[in-house]
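Asks: Have a look at this one before I ask anything.
Read-outs throughout are calculated quantities, based only on the coordinates presented, and are distinct from any laboratory measurement. Source: prediction; values computed, not measured. So basically every Cβ, Gly included, is an ideal-geometry build from the backbone, and we count neighbours across all protein chains shown.
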Amino acid sequence: MTDDRMERTIATLLRAGVMLSAAVVLAGGVWYLATAGSAVPAYARFHGGPRGVQSLGAVAGPRAVILLGLLILIATPVARVVFSLVAFALERDRSYVIITLAVLAILLYSIGTAWL
């Protein structure tokens, strides 16, 4: 795989991830406004959202669709790093594979500890 082809593929991957995320969030937002848009907000009391990956199953309806879109947005750069790792491994470029593995480990660690 040439460098130019790899860059074009990564750009397409990032563009597709962001567009898919935007479409899913938009669909969830429209659904949310259609079902609960006329409700009067209660600002007197704070209602926290779900915490942790386990509690994402408790979210239903349009909020779940919006959260799915945000999850796709978070997964997009992670997919880019995974694709880069595979591309560098196919090129047998050990130094870039090691650097990309370190970046992937840092990304996964930071995402994983944020949801604990």
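Asks: Put a dot 7 Å past each Cα toward the Cβ at Arg92 and Ala22; how far apart are the dots in nm?
Replies: 4.2 nm
Asks: Run through region 5-48 and list the chymotrypsin sites (Phe, Trp or Tyr not before Pro) located in a DSSP loop whose Cβ has at most 12 other Cβ atoms within 10 Å.
Replies: Tyr43, Phe46
Asks: Further question on the same structure: Express the relative contact order of region 4-116 as a whole percentage, based on alpha carbon pairs under 8 Å and six or more residues apart in sequence.
Replies: Relative contact order comes out at 36 percent.
Asks: Let me ask something else. Apply the Karplus curve 6.51 cos²θ - 1.76 cosθ + 1.60, θ = phi - 60°, to the phi angles in region 10-25 and return the couplings in whole Hz, x for Gly and Pro.
Replies: Ordered by residue, 3J(HN,Hα) equals 5, 4, 5, 4, 5, 4, 5, x, 5, 5, 5, 4, 4, 5, 5, 5 Hz.
Asks: Run the dipole for the chain about the Cα centre, Lys and Arg Cβ at +1, Asp and Glu Cβ at -1, nothing else charged, and hand back the magnitude in debye, nearest 20.
Replies: Taking the Cα centre of the chain as origin, the dipole is about 320 debye.
Asks: Any idea how far apart Leu71 and Arg45 come out in nm if each label point goes 7 Å out from Cα toward Cβ?
Replies: With each label point 7 Å from Cα toward Cβ, the separation is 2.9 nm.
Asks: Students often get this wrong, so try it: which of (i) 9.1; (ii) 6.9; (iii) 7.5 is mean projected area of the Cα convex hull in nm² as calculated from the structure shown?
Replies: Given (i) 9.1; (ii) 6.9; (iii) 7.5, the calculated one carries the label (i).
Asks: Just grab the label-to-label distance for Val82 and Val30, each label 7 Å out from Cα along the Cβ direction, in nm (one decimal).
Replies: 2.9 nm
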